[in-house]
């Protein structure tokens, strides 16, 4: 009898827990009926089904957003928001989460990024979906350009010089824990923007009706989503402008005479020989350091200070130009290229 009890009681407990879990996940917010129209193919946006959700293929081809839905919200509820974004040039991947809980699909972004090619990737999510997107992003900052949080906050560090975070929430949000939002600011990168939509609430980022505990919105759902899309596009436009500005960074070309004057006048100047080690060993300019052109990107530690003046040369002036541009692209601010050692007119400075 005791043995039967040891078997029956755990079985009943497991059954009871399973029933509770099934009831919990089956009780979720359903997409509004009027959203079905978005599933129809539009002229400017094609909505394609994929194993992990929907792919909204718009007019753009270089930037995409991967979106994690809120907890216990049917994923298609975010079609209106993302359709507007895709229509304005940002392709979107709307992820269908197991049991409508992003907690169980936190790493789904990896599969999408491995399967599609875009120059710029952004992660986004609403409520718990935003928190899970932030958790994934914290471990993959090098492969993402930014994160858009809708009524959400991070719990892990998002700090990176090349990463941006946009946080959007409504002034009438009755669900979002604002104390956690404040605490989450300590995890944010330098490029962090926070926007409070006046009159917006928690549920109106999606189309699934009212949410328990939320406050009544002072603006329409359409207006809240329009302001959200505008803010996201502003973030991405700022990124593009910054990328163009970074791409415009270049180096300065100077004559051998000016290079010599700088060598004599500046104590901290670095003279960089970008030829091979063998070429350097045969003859080189005095006090120069060898860092072959092909190793500059993989071995930047030899140049720790990006503000320091660097004089670059090679054999004939070809590799030095390539190396100088690489350094400029890497953020070095004071790069001067002065040609090749073949044209160096100061033999007393050769060793």
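The values are calculated or read from the model by the stated rules, or taken from the named source; none is laboratory data. Note that this is a predicted model, so its numbers are computed, not measured. Cβ sites come from the backbone with ideal geometry, for glycine too, and all protein chains shown count toward neighbours.
Quick check: anything in the stretch 166-181 under 11 Å from the mean Cα position of the chain (by Cα) and assigned by TED's automatic domain parsing to the domain that holds residue 225? There is at least one residue in the stretch 166-181 that is under 11 Å from the mean Cα position of the chain (by Cα) and assigned by TED's automatic domain parsing to the domain that holds residue 225. Of all residues in the stretch 154-190, those being assigned to a helix (DSSP H, G or I), under 17 Å from residue 202 (Cα atoms) and in contact (Cβ under 8 Å) with a residue 24 or more places away in the chain number 2.
Filtering the stretch 213-238 to residues that are in a loop (DSSP other than H, G, I, E, B) and touching a residue at least 24 places away in the same chain (Cβ under 8 Å) leaves 213, 214, 215, 216, 217, 218. With respect to the conditions (1) more than 30 Å from residue 89 (Cα to Cα); (2) touching a strand residue (DSSP E or B) at 6+ places or on another chain (Cβ under 8 Å); (3) modelled with pLDDT under 95, residue 235 falls short on a single one, namely (1). Take residue 289 and tell me if it is surrounded by 16 or more Cβ atoms within 10 Å (Cβ to Cβ), in contact (Cβ under 8 Å) with a residue 12 or more places away in the chain and either under 36 Å from the mean Cα position of the chain (by Cα) or not assigned by TED's automatic domain parsing to the domain that holds residue 162 (or both). No: the conditions fail for residue 289. Say whether the condition of being farther than 23 Å from residue 30 by Cα and surrounded by fewer than 18 Cβ atoms within 10 Å (Cβ to Cβ) is met by at least one residue in the stretch 90-109. So far as the stretch 90-109 goes, yes, one or more of its residues are farther than 23 Å from residue 30 by Cα and surrounded by fewer than 18 Cβ atoms within 10 Å (Cβ to Cβ). Of the strands (runs of 3 or more DSSP E) that lie entirely inside the stretch 42-96, those containing 3 or more residues that are over 16 Å from residue 109 (Cα atoms) span 46-50. Only one of (1) buried (at least 23 other Cβ atoms within 10 Å of the Cβ); (2) within 20 Å of residue 197 (Cβ to Cβ); (3) in contact with a helix residue (DSSP H, G or I) (Cβ under 6 Å, 6 or more places away or on another chain) is not met by residue 132, so which one is it? Residue 132 satisfies every listed condition except (2).
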